[in-house]
Each structure stands twice: as C-alpha cells, then as structure tokens.
There are 2 protein chains.
Amino acid sequence: MGSDGDGPVAELLSIGSELLAGETIDTNAAFLGSALARLGIPLRSIRALPDERALIAAAFADARARAPLVIATGGLGPTHDDLTREGLADALGEELTPDDALKAQLRERFAAFGTMPESNLRQALRAASAEALPNPIGSAPGWWVDRDGCVTVLMPGVPSEMRRMWDEQIAPRTGDRFALRPVHAGEVKTFGIGESALAELVGDLLEVPGEGLEAGIYAHDDGVHLRFWTRGDAAALDAPVARALALLGENVYGTDEADLATVALAALGRAGVTTVASWEANTGGTLLSVLAAAEPAPGAARFVGGVLDGGGATPAPVADAVIQLSLLPTDAHGRSRVRVSVSGAANLPMVEVRVHGSGIQRQRRAAFAALDQVRRGFS
Amino acid sequence: MGSDGDGPVAELLSIGSELLAGETIDTNAAFLGSALARLGIPLRSIRALPDERALIAAAFADARARAPLVIATGGLGPTHDDLTREGLADALGEELTPDDALKAQLRERFAAFGTMPESNLRQALRAASAEALPNPIGSAPGWWVDRDGCVTVLMPGVPSEMRRMWDEQIAPRTGDRFALRPVHAGEVKTFGIGESALAELVGDLLEVPGEGLEAGIYAHDDGVHLRFWTRGDAAALDAPVARALALLGENVYGTDEADLATVALAALGRAGVTTVASWEANTGGTLLSVLAAAEPAPGAARFVGGVLDGGGATPAPVADAVIQLSLLPTDAHGRSRVRVSVSGAANLPMVEVRVHGSGIQRQRRAAFAALDQVRRGFS
C-alpha cells in the first residue's frame, strides 16, 4: 500500500525450515500484510527463517531494533525443531520457565483425546515478560511481549489458528496499543486493459487522488485494480472512486471485494439463468476451479459443475446455460487467444480475446477472460 | 531441508510493496527455495521489502555481509517505483550508468511493438561491477555481480521471466561458481496418519537415517511426507526409502513427485475405469479443482468433470465411475468427517473418515481424504 508517512510500522518473521526449502508457500504473510495494512500499521519487512535458534534470536533482535511491532508466526509446536520461543527469549535476555496455568490448560485440552505426550509441555514454557494468549483451536498458546518500546507477538503457524488469534486477540490489542487510525481503502477492479492503458485513462487521478489520499495500480490474473486509500475519513474515497468508475467505463467489473466469477454469475442470473455449467479445453480446469470457488449469491446463477475436454465428447452437466472456453495454440510470436461462448437459456456468440503470460498463469487468465466476456455480454 | 553443515548458503530478497501489503503471494520464493535446496546452496533467509531505495540498500548490505550468494527478485521494471538497481548500486558504492549494448537490445525488443517509452531506458542502467544477463521474454535484464566474495544476482519478479533466467543462466553459473555438489532427495508420501504416528512407525530412521543422510517430516494438506536427503551419492537414499516404505505400509501413496490425485486416477485405471467424474457437497469444489489439476497419464482414468451439490439434483457428468464426497457437519468438539464412495464400473462402498483443520484447509483435506480412500480401495 505504498509509503506510510510517519506512522508506526511492523516487521514479520515467518519461522520454519519448510518455508526456506520451498516446501510451503507462506500464505500467512499475505494475510498479515493485508490485515496490518488495513489496521494502519503496514509491514516493512517479511523475513522467513529456518528453525535455528541463533538465527531466530538474531532476527528478533534486528527487527525489534527497527520496528515498534514485530510479529512472528510458526515454530511454536511441541517438537525440538520448534525454537521460536527460545529464539525470542534469547533476544530478550530472558529464561524460559514452565507456566503452571499453561500446563493445566494443555492437560485439559489433551484430556479429551487421551494422554498428552510429554513433549507438549514445551508449549507451557514462557518468558517472564510474555503474556500468554489462548489458542482455542490448537495446543500452542500465543505470546504478547511489550518491552523496551517494542511489542513482539508470537502466533502459531497453522493458518486457521493464526487467523483466529489475529482476529480475536492480536488485531484489537494492536489497535489499542498503537492508537491506530485504520486505513480505509476503495478499489476499482478492471479486466481487459493493461496497467499503462489504465493509467492513461485515469490521468492525474493517480498522482493527485485528493487531500490525504493515496493511489496505486496493481496487476493480477483477474485484472488490473486501481486502489485508493486514506488514514482519514472513509467518505473521502467516494469522489475518486466515482471518478475512476466514470473514466474506466465498461472495463470495470466491480469494486472492493467483488470477484469476477461472482460478477459473471450475477450477470447470468439477471439474464434469467438459474444454473450454469462449464466446458473448457486446454486450460487445466482453471475455469471450473474459479467457478467452484465463487460464493453462491441470491439471484445469481449457481455453478453446478463442469467438464474438461480431453479429446472425449463428454457433455457438460445439465444446466440452464453452459460457458464454453478454449485456449487456442500459441502463435509464432508467443501470443495466445481464447475462444469464449455461452449457450442455452442465455446466449453469447463466440468471441476471441488475447491472453498474456505463459503456463498456469495463462490458463488462469484464460478463465478470467471467459468470465469477463460473460460479464460484458450480459451486463 | 534442515541444517546444511558447512556448505555455502544463500539469502533471498523479494522486492515489491505489493508483497508487504498482501496483494501478491510470493511464489518466486518457494520456487527458488526448492531450486536452491536441490542445487546444494540452501536459503537461510527470505526477506520481502517494499520499493524503497534506502531499505533495499540496507537489506543488500546486511545480506551480503552474511551470505556468499544473495538473490533478489522484483523491482527491475521501467517505472520510478522500481528501485532494486539503485538499492544494490548504493550497497556496492557504485554509480548507475547507461549501458549502450543494453539500450540497443531494448530498442530492438520494442521495435516489434512500436516505440519504446523513454522510461524503459532505466532498464539499460548498470553498475560497473554488474554483468547484464539477457531476458529473452521480458524487458528487464538480470544482473550478476561477483565482488568482495559475494555473488549478488538480480532477477525480474515476473515468475515466467524469473524461472527461465534461473534455469538457463543463474542455476548453471551458481553451480560452477560455488563448485556445488547437488542435493539428492528421496521422499515418501503418506496419507491417513499424523506426524507423531509416522515418527513412531519409522523409529530411529528419522534420527539416524544413515551415513551422510538427513531426514525430516513435513505435514501438508495432501498428507505427511518423510524426506531423506544427501549431498553425497544418490544411491545412499535407496536403503532408508525402502525401509520407510516397509515400515509405513499402506499409509504410503507414493514417492518423490507422486501426487494423490494422479495416484487415485491410476488406481481407478487399473480397476478398468477409463473416465471418472466427481460429485461433492460442502467442500467448495476442492475435489473437482484437485482432480482438474492432475496431469493425465497413460493407463490412468481420465477426469472428465464434476458437479457440486448445491441442494439441486444435477447428476455428475457421464463417466465410467463417479467419486462421491460429502463433508459432514462439524460435531460439538469441532471435529469433522467425510463420507466417500465410488459407484459405476468400479465400486467402493461408503466409508467415513476424519478430517482435521477448518475452513478451506478442511475442504482441501476432505478432497485428499476422498482420493486417499479411492487409492486404498483400488490398490
């Protein structure tokens, strides 16, 4: 979300050797980056580290010297590989001692499942300055350490446990502790134009979005998004968003949380389609995957399933309408086109559009290009 | 991949404000983590940084002081936000000057598309100690800087450009420069047992895998994987892998690159099934997505498509067999079960199995649990 003036900033340590070996993609970092940006204390650094005590301790010391909020995820499990507690205690110059209340909570938790492995007692260790935070859906408690002008937070690496602890405990405490003014953002989502074309269309709205506002352009597989944000009054976003909508016209498929699959299904619903199926070729099932992940909405067409063309002749599942998508072979210049149509209760004659990229990215963009054609065809 | 003894190590800087704001997930880091591990120069740190010159310069200086190989991705575009070149030049104490050969290459590249925006000339800037590396599919050249005992590499952030530059140029140069002995790995993949149960079954194979070998356990949505690796002779992996296969028995669904969907489709193929469809309820289309992403293989059943149960009665697409999956409601203790069956040319009576986690993770695990039941039922 660009620069952040004089406000406080945060650093994140993602701890776990599996992250460094490419075994696991760090989705926690993206979740926290986005959540911290909304909270108004943007991330300035994300660092992934292996499960090595000395490295973890040094990274905590470095980060604590730079930022008033340091968050770490991972390395809180029961095994000897889990060294985040030890690393932070080293950086703080504190000892780990068993906490009787945490021990009792662990034993109670395990009572439902049978006996607790002795190794789990490591999760009841605590540094003196750490306040333990309950984990209602896992065995690793979190830590909240407020010392020397820096808040240091430990959360479990399991995404569901981390997200719940963040939402219920860390986010509200952080907002209070730093007296944050949350960041309000407005996003205008387009498909079918590139970054530079979008920048030309909106002109100086990008450089001078308005008093106390900032703006940026972000390219994704589901199109180019124009975002405005402010730490001030959320109502200040209305004018630039309205102006962007007017300037970008039919390239816009929605704002804020809108997603292209939901928008396309809503457009089909307005065209009288109750159920829709998909048929796709050479796209690795991306259209089907994107449609399957769309949240059902009242009045929108409901995705009932789809088929892949593997050279066979399997018809699409029975539905009011079928979206058909083919990714055509790449030409001599490496360019690709997709062919899109809709048949059934709603009808869209076949169109061909360009898609960029290669590999899986091209397949994903093909799916979004199809949904964009559906959205445009029935808007 | 755990500790790495005395060999050289690498650090990665992922540069781009969008990474810090959670706008983009850093898939380049996972690719490079895995590629560097195989090459034998494991990553010790991944750090994501915003597009700010002073932060980038400080991070290069820190990383260059710690590691003999520092790789950076991103921030090589033509706009004023792209400051990776400047940051590295600052850390090296060098100036950026226009490189005539790079200018000529850029003009040639753009000749095919029309005129080159003047801003693209920033991509022809070079520090004196940097060797420019061609980018055959993009406008940003890479850099290779070998100075002061540290190799520093810049690559584009666009995944397809980065991967090609890595494969064709950086990986071979790095192997030569550090005289690396590549790491050989063998992986045994299980589903249906937890980490601690797996550790108990393999006993001391985990702690004492053999001369020059290391071992680790990794939990993923598609099961718990046991991995052995060595910088020595790849043949040394055969004995521990064979022993793990014997000890883990039918919990194993494959080794190395095997994936559960492909294994399940192969098992159905052996049972005489040519085409298979899916029917799923309450799983958000995860079974259909996982099956769609499976690579077709000779002799394996071919996935032709599937349907989601949204309360309707849409039949699955026509196929020899249908995999049916329902995620049952969570019980009072937060526990979930899935119900799995196969009907058609191959038949698997309904079974119920536990799934862990919550949200999307539980939905993904439900899909893998179904595929595991198929694999077990037809093995």
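Of note:
- Per-residue extension of 0.36 nm, minus the Cα-Cα distance of A:Asp6 and A:Asp81, leaves a gain of 23.2 nm for this segment.
- Rough spin-label spacing in nm, given labels placed 7 Å along Cα→Cβ, for B:Glu118 and B:Ser160: 3.1 nm
- Bins of 10 Å, starting at 0 and running to the largest distance - Cα pair percent for the stretch A:1-156: 11, 40, 34, 13, 2, 0
- Distance between the stretch B:144-167 and the stretch A:330-379 - C-alpha centres, whole angstrom: 33 Å
- For the protein assembly as shown, the carbon plus sulfur part of the accessible surface works out to 52%, probe radius 1.4 Å.
- Excluding ligands, DNA and RNA and using a 1.4 Å probe, chains A and B jointly bury around 4300 Å² of accessible surface, summed across both partners.
- Tail fraction, Cα-Cα pairs, the stretch A:164-222, threshold 14 Å, whole percent: 68 percent
- Pairwise centroid distance, computed over Cα atoms, of the stretch B:8-61 with the stretch A:284-328, Å: 37 Å
- A viscosity of 0.890 mPa s and a temperature of 25 °C, combined with the Kirkwood radius over Cα pairs in Stokes-Einstein, give a translational diffusion coefficient for the stretch B:201-293 of 157 µm²/s.
- Taking one quarter of the surface of the convex hull spanned by the alpha-carbon atoms of the stretch B:74-222 gives a direction-averaged projected area of 13.3 nm².
- Highest to lowest packing among B:272-279, A:10-17, B:196-203, B:53-60, scored as the average C-beta count within 10 Å: A:10-17, B:272-279, B:53-60, B:196-203
- Extending 7 Å from the Cα toward the beta-carbon at both A:Leu328 and B:His333 defines two label points whose distance is 5.9 nm.
- By the helix-only formula, in which each DSSP H run with n ≥ 4 contributes -39500 (n - 2.57) and the sum is divided by residues, chain B has a 222 nm mean residue ellipticity of -9500 deg cm²/dmol.
- Per residue of A:39-47, other chain Cβ atoms within 10 Å of the residue Cβ number 5 on average.
- Kirkwood estimate for the stretch A:334-379, i.e. one over the average of 1/r between Cα atoms, Å: 11.0 Å
- Placing a pseudo-label 7 Å from each Cα along the Cα-to-Cβ vector at A:Asn347 and A:Asp256 gives an inter-label distance of 3.8 nm.
- Convex hull volume of the C-alpha atoms in the stretch A:27-69, normalised per residue: 67 Å³.
- Calculated P(r) of chain B - Cα pairs past 38 Å, %: 37 percent
- Contact order, relative form, for the stretch B:262-315: 49 percent (alpha carbon pairs under 8 Å, 6 or more residues apart, mean separation divided by residue count).
- Between the stretch B:172-212 and the stretch A:92-139, the C-alpha centres lie 30 angstrom from each other.
- When the convex hull of its Cα atoms is projected in every direction, mean area for the stretch A:259-379 (nm²): 6.8 nm²
- Packing here is the average count of other Cβ atoms within 10 Å per residue, and on that basis the peptides A:125-135, A:362-372, B:321-331, highest first, run A:362-372, B:321-331, A:125-135.
- If R0 equals 25 Å, the separation of the Cβ atoms of A:Glu108 and A:Asp176 corresponds to a calculated FRET efficiency of about 0.30.
- Number of partner chain Cβ atoms within 10 Å, mean per residue of B:24-37: 5
- Acute angle (nearest 10 degrees) that the helix B:260-270 long axis makes with the longest principal axis of chain B, alpha-carbon atoms: 50 degrees
- The stretch A:200-254: equivalent-ellipsoid semi-axes (sqrt of 5 x gyration tensor eigenvalues, Cα, Å): 19, 12, 11
- With distances taken between every two different alpha-carbon atoms, the stretch B:65-120 has a Kirkwood hydrodynamic radius of 13.4 Å.
- Across the alpha-carbon atoms of the stretch B:268-335, the computed radius of gyration and Dmax are 13.6, 45 angstrom.
- If you wrap the protein assembly as shown in the convex hull of its Cα atoms and look at it from every side, the mean projected area works out to 32.5 nm².
- Taken per residue, the accessible surface of the stretch A:257-321 reaches 37 Å², heavy atoms only and a 1.4 Å probe.
- Averaged per residue, the stretch A:42-115 has 43 square angstrom of accessible surface, using a 1.4 angstrom probe with ligands and nucleic acids left out.
- For B:Arg107, the label point sits 7 Å beyond Cα toward Cβ; its separations from the matching points on the remaining copies run 8.0 nm, from shortest to longest.
The values are calculated or read from the model by the stated rules, or taken from the named source; none is laboratory data. From a predicted model like this one, the values you see are computed outputs, not experimental measurements. Neighbour counts are summed over all protein chains in view; Cβ atoms, including those assigned to glycine, are modelled from backbone coordinates with ideal geometry. Ligands, DNA and RNA are excluded from the accessible area calculation, which covers all protein heavy atoms including side chains. Shrake-Rupley method; radii C 1.70, N 1.55, O 1.52, S 1.80 Å.
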